Amino acid sequence: MIKKILITGGSGFLGTHLTKELLERGYRVNHLSRGERRQILGVTTYFWNIETGEIDERCLEGVEIIIHLAGAGIGDKRWTDKRKQEIIKSRVDSINLIYHLMDKINHQVETVISASASGYYSDRGDEMMEEPALPKNDFLGNCCHLWEKAVDRGKDFDLRIVKLRTGIILDKEKGAFPKLVVPFKLGVGAPLGNGRQWMSWIHIKDAVGVYMHFIENDLGGVYNMSSPEPHRNKAFSSLLSKKLHKFLWVPAVPGIVLKIALGEMSTILLGSTKMSVAKLLATGYRFKYPTLNMALDNLLDKKV
């Protein structure tokens, strides 16, 4: 029987790629939107408004799996106190709204698979982060902790809960990579700060692949979602410049400059997060792009 899946944040970066893969595999897909409904062949879109607590209850008809990707962009705007609350509330209130609806109606939901982020660990230097670790006591750590805690309310419905602490997703057209690669293409690329910070990254096809792995296998719990090969920022920058046949500028972009320009948000660029994916690998998932060399070759069209 073909399963129906509801995706929050379905029109976003990861949601768009995941929706495409699901449709190609024959799944039926629902989206939620507060604005004008985009017509996507094979997708049914329903209205919701997190701020007013409105949601079309038809969005859950026949749905067995919920994929929770909704959330205001972490790096889209400067982190004012107001913006921080928007980032948290967009993740927490959205899943709470769905759980509130599930309290009121008959439903067939069995599983919630939710994004989380490597920001749960935040800046941890050279420490290899595994899933039992406590969150860092800063904005990113607290945000991810509240996000995951809200998702865990699904256990009250006896749901299978999966939380995926996601590293930097690399895609040639959207997300961080196109912005990151511009200065390198112009020949002015350089490491950020001291360049020693660890970057836990994952190719977009593996990000989608991991979600499909948990959709199609009866697994639960929290998992780090990044490649098996994290890199220091300097090594990442060096390999990228080499692939583009450009010089790597030295010295690096001073950390103080980024802190002045971005404020607390500079943690995204200067924080060091080195995640272990041993738990994910133990479930049987096999990466399409396990190494940065393979990922960059694909993203830069060096090979098919």
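Rule-based calculations on the coordinates, nothing more; no lab input. These numbers were taken from a predicted model, which means no experiment stands behind them. Using ideal geometry, Cβ is built from the backbone for each residue, glycine included, and neighbour counts are taken over all protein chains shown.
Some values worked out for this structure:
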| read-out | value |
| --- | --- |
| Sorted peptide list for 159-167, 39-47, criterion being average Cβ within 10 angstrom, highest first | 159-167, 39-47 |
| Set K185/K288; K84/K242; K20/K185; K136/K174; K84/K246; K136/K243 screened for pairs whose C-alpha atoms are more than 32 Å apart | K84/K242; K84/K246; K136/K243 |
| Loop trypsin sites (Lys or Arg not before Pro), segment 66-122, which have at most 11 other Cβ atoms in a 10 Å radius of their Cβ (DSSP) | R78 |
| Pairwise FRET efficiency - L146 versus E61, Cβ, R0 = 30 Å, nearest 0.05 | 0.55 |
| Prolate/oblate/rounded call for segment 137-183, Cα gyration tensor, a/c under 1.5 rounded | oblate |
| Extension reserve of the D123-S33 stretch, reckoned as 0.36 nm per residue once the Cα distance is removed | 29.0 nm |
| Three-way shape label, segment 193-304, alpha-carbon gyration tensor, a/c 1.5 | oblate |
| For segment 27-186, size of Cβ-based charge dipole, Lys and Arg +1, Asp and Glu -1, in debye | 620 debye |
| Global form of segment 228-286, assessed from the alpha-carbon gyration tensor, a/c cut-off 1.5 | oblate |
| GNM flexibility winner over the chain from H231, H107, H145 (Cα, springs under 10 Å) | H107 |
| FRET efficiency for I105 and I2, using Cβ-Cβ distance with R0 set to 22 Å, rounded to 0.05 | 0.50 |
| Axial C-alpha extent at least 24 Å, average Kyte-Doolittle at least 0.0 - helices from the chain (DSSP) | none |
| Debye, to nearest 20: dipole size of the chain, +1 on Lys, Arg Cβ, -1 on Asp, Glu Cβ | 1180 debye |
| Estimated dipole of segment 33-123 in Debye, rounded to 20 [Cβ of Lys and Arg +1, of Asp and Glu -1, Cα centre] | 420 debye |
| Taking N as its residue count, the alpha carbon Rg of segment 1-133 over 2.2 N^0.38 Å | 1.14 |
| Where labels lie 7 Å past Cα in the beta-carbon direction, separation of F47 and N293 in nm | 5.5 nm |
| Full-extension gain in nm, D93 to D76, via 0.36 nm per residue minus C-alpha separation | 4.2 nm |
